[in-house]
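As structure tokens, the structure follows; a few thoughts come after it.
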Amino acid sequence: MKRIIIQENVCHLCSKHPEDVKHALWGCSKVRQVWQRRFRWADNSQGEEGSFSDLVQLMQENPRLFPLFAVTAWTVWHHRNKSCLQTATMPLGRLADFAENYLQNYADRNGQQVPPVRRSATTVSWSPPSENRVKINFDGALFGESDSAGIGVVIRNSEGEVMAALSEKIVKPQAAELFEILAARRAVLFSTKTGFYNSIFEGDSSTVINLLQDSNVSHSLGGTS
């Protein structure tokens, strides 16, 4: 059995700062992406001061989000240990989705209900498109108490005026990545149906957005056109 002894006190992810509990789980620049989707609001309340225990107390003031916070922290710590030991681990960019799915699966197995987990619209600062173009934002929500999910699409012009919008309930997919693709596909089909071809797409998943911007990808993304 191969053993690896970690002797350095410097964070192995950013290689810049001493590693304490708060830095490893919350403050490291490399792990910030895991928290930005749901917990960006805590940056304004917590800042750089205080211990991780102070952060936990802050999260306990929000009972709806605290279970997700606890599972996410455990997921980040697990990733940290695996990467320290130089063993295979999940990419940081997938930890937030993994934590949400883990919490939902636990609730389903135990007959519990989890409040709807909404895809935060504040993680992306909306900016208008150039003149004669429209911006299409797509988003979604997973509902823990049912097998349903919701998709929303909004089309705005350069003045910020809503040109078209839709909301639609679908069967909740098995994987978060598939959910993002389905939401993007619905946005593309909606833009085609409404006649907005000179479009900019904006959503939470950079992978899906890059796929939409690929000139080799047609408006039949994810299925039939």
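Check whether at least one residue in the range 131-145 is part of a loop (DSSP other than H, G, I, E, B), acidic (Asp, Glu) and either surrounded by fewer than 17 Cβ atoms within 10 Å (Cβ to Cβ) or at pLDDT below 85 (or both), and report yes or no. Yes - at least one qualifying residue is present in the range 131-145. Looking at the range 153-169, is at least one residue within 23 Å of Gln36 (Cβ to Cβ), assigned to a strand (DSSP E or B), modelled with pLDDT under 75 and not assigned by TED's automatic domain parsing to the domain that holds Ala96? No, the range 153-169 contains no residue that is within 23 Å of Gln36 (Cβ to Cβ), assigned to a strand (DSSP E or B), modelled with pLDDT under 75 and not assigned by TED's automatic domain parsing to the domain that holds Ala96.
Quick grid of which residues meet (1) assigned to a helix (DSSP H, G or I); (2) under 15 Å from Arg38 (Cβ atoms):
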site: Met59; (1), (2): yes, yes
site: Arg64; (1), (2): no, yes
site: Thr75; (1), (2): yes, yes
site: His78; (1), (2): yes, no
site: Asn81; (1), (2): yes, no
site: Ala88; (1), (2): no, no
site: Phe98; (1), (2): yes, yes
site: Asn101; (1), (2): yes, yes
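Does the range 58-67 contain at least one residue that is touching a Phe, Trp or Tyr at 6+ places or on another chain (Cβ under 6 Å) and farther than 30 Å from Leu178 by Cα? Among the residues of the range 58-67, at least one is touching a Phe, Trp or Tyr at 6+ places or on another chain (Cβ under 6 Å) and farther than 30 Å from Leu178 by Cα, which makes the answer yes.
The values are calculated or read from the model by the stated rules, or taken from the named source; none is laboratory data. What you see is a predicted model, and the numbers here were worked out from it, not measured in a lab. Reconstructed Cβ throughout: ideal geometry from the backbone, glycine too, with neighbour counts over all protein chains shown.
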